[in-house]
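Structure record follows, encoded as structure tokens.
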Amino acid sequence: MRLRRIVEWASDKERFTSIENYIEFCKAFLDFARASNIQADIVSKNEPTYHFLQYKAEGNFNVSRPLNYNLRYRIEDEAQFAKDFLQIMGAVRTPGIDNKDNRKIVNRTVYTLQQAIGATLDALPAGSSNKTRKINGDLFERLICLMLNRLGINCSSGVVKVPVRVDGQEEFTMCYQHDLIVREGQLVKIIGSVKTSSKDRLDKIFIDKFLFCKLTGGCIPHVAIFLNDVQRKGNNPRNYGVDSTFLPGHFKGYTVKLNPLDGVYYCDIRPSMVTSPIIRDHIRTFDAFIFDELWKFLRRRAVVATIAQVETP
């Protein structure tokens, strides 16, 4: 398949309405991304686990985002990000399914599915960067919602209508748009932010929880799900490396002085996130959300905040 057709496919959000759609696209991208179709496979100078794909003339000789080759599946591994992944998603609560190997499959598959889309969109002309970020972000948000729906959970993006009470009486309501709303009827169980990166977004996520708790007088789990926090650094392919976009000082400050989030999850977790004492207590890999913490949150009492608008994944 030509790169142009794959880029058109990734740019059409209507073609991603099921997990199977994501898998089908991912297979097409990985099959294309063999050495014969790529101008160069560039290894990061400072963290060799990250590679950059440089496209040929059809892709404007653009260089992709950094791809973690310890997480990214190859086309030869398609059984794991297709058949095995779907089997796990259909039986997450079944005894024996929760094991180290299956957790890796979930984490690596989500990473591979989403990075296939992101890396493909990197072939668009430089002037399309805003469009690329919007499509990529929307499709990651949709992927997480589709996964939770597959687990039998009522989940979507949408608007939460928050009642504001004064002296015990509801005076008015405020509406907030959220990427991820897990609900029980019209009651909210979990509010989530789903982003490909925390860059320029971390402050709002913490403040959203603070305001929600202040306005309602109650507490509801607020979670954040991120794909990764790395970006390319350097101006020459000969010295390309990676930089972290995670802001540890901001994260620790908001966690200690404002309010901690109930869960923060990454597919591609940074080394500093498992060594810094405060950070490692609040950040997990994404599999921890799917296998453990999601179900604990669901057992909590629902907060009275109705859904004003629901957007179908």
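Across segment 213-256, the qualifying residues are those that are in contact with a strand residue (DSSP E or B) (Cβ under 7 Å, 6 or more places away or on another chain) and polar (S, T, N, Q), and the one among them that is surrounded by the fewest Cβ atoms within 10 Å (Cβ to Cβ) is Gln231. Restricting attention to segment 43-62, the residues that are touching a residue at least 40 places away in the same chain (Cβ under 8 Å) and surrounded by fewer than 20 Cβ atoms within 10 Å (Cβ to Cβ) total 8. Restricting the first member to segment 19-34 and to residues that are under 25 Å from Gly90 (Cα atoms) and in contact (Cβ under 8 Å) with a residue 12 or more places away in the chain, and the second to residues that are among the β-branched types (Val, Ile, Thr) and surrounded by fewer than 20 Cβ atoms within 10 Å (Cβ to Cβ), the beta-carbon pairs closer than 6 Å and six or more apart or on different chains are Leu30/Ile75. Within the option set Asn70, Asn102, Asn62, being farther than 21 Å from Phe297 by Cα, touching a Phe, Trp or Tyr at 6+ places or on another chain (Cβ under 7 Å) and of a type in the set (S, T, N, Q) holds for one residue only, Asn62.
Name every residue in segment 1-46 that is assigned to a loop (DSSP other than H, G, I, E, B), in contact with a helix residue (DSSP H, G or I) (Cβ under 9 Å, 6 or more places away or on another chain) and under 19 Å from Asn68 (Cα atoms), in order of residue number. Result: Ala33, Arg34, Ile38, Gln39, Lys45.
Here the condition is being out of contact with any Asp or Glu (no Cβ under 8 Å at 6 or more places or on another chain) and over 28 Å from Asn68 (Cα atoms); of Gly249, Gly218, it holds for Gly218 alone.
Taking Tyr55 as the residue in question, decide whether it is modelled with pLDDT of 95 or more, in contact with a strand residue (DSSP E or B) (Cβ under 7 Å, 6 or more places away or on another chain) and of a type in the set (Phe, Trp, Tyr). No. With respect to (1) within 12 Å of the chain's Cα centre (by Cα); (2) among the basic types (Lys, Arg); (3) not assigned by TED's automatic domain parsing to the domain that holds Lys56, the lone exception for Lys161 is condition (1). Across segment 235-290, the number of residues qualifying as assigned to a strand (DSSP E or B), under 16 Å from Thr196 (Cβ atoms) and among the charged types (D, E, K, R) comes to 1. With respect to Glu141, is the statement that it is in contact with a strand residue (DSSP E or B) (Cβ under 7 Å, 6 or more places away or on another chain), acidic (Asp, Glu) and modelled with pLDDT under 85 true? No.
The values are calculated or read from the model by the stated rules, or taken from the named source; none is laboratory data. Keep in mind it's a predicted model, so treat the numbers as computed, not measured. All Cβ positions, glycine included, derive from the backbone under ideal geometry; neighbour counts span all protein chains shown.
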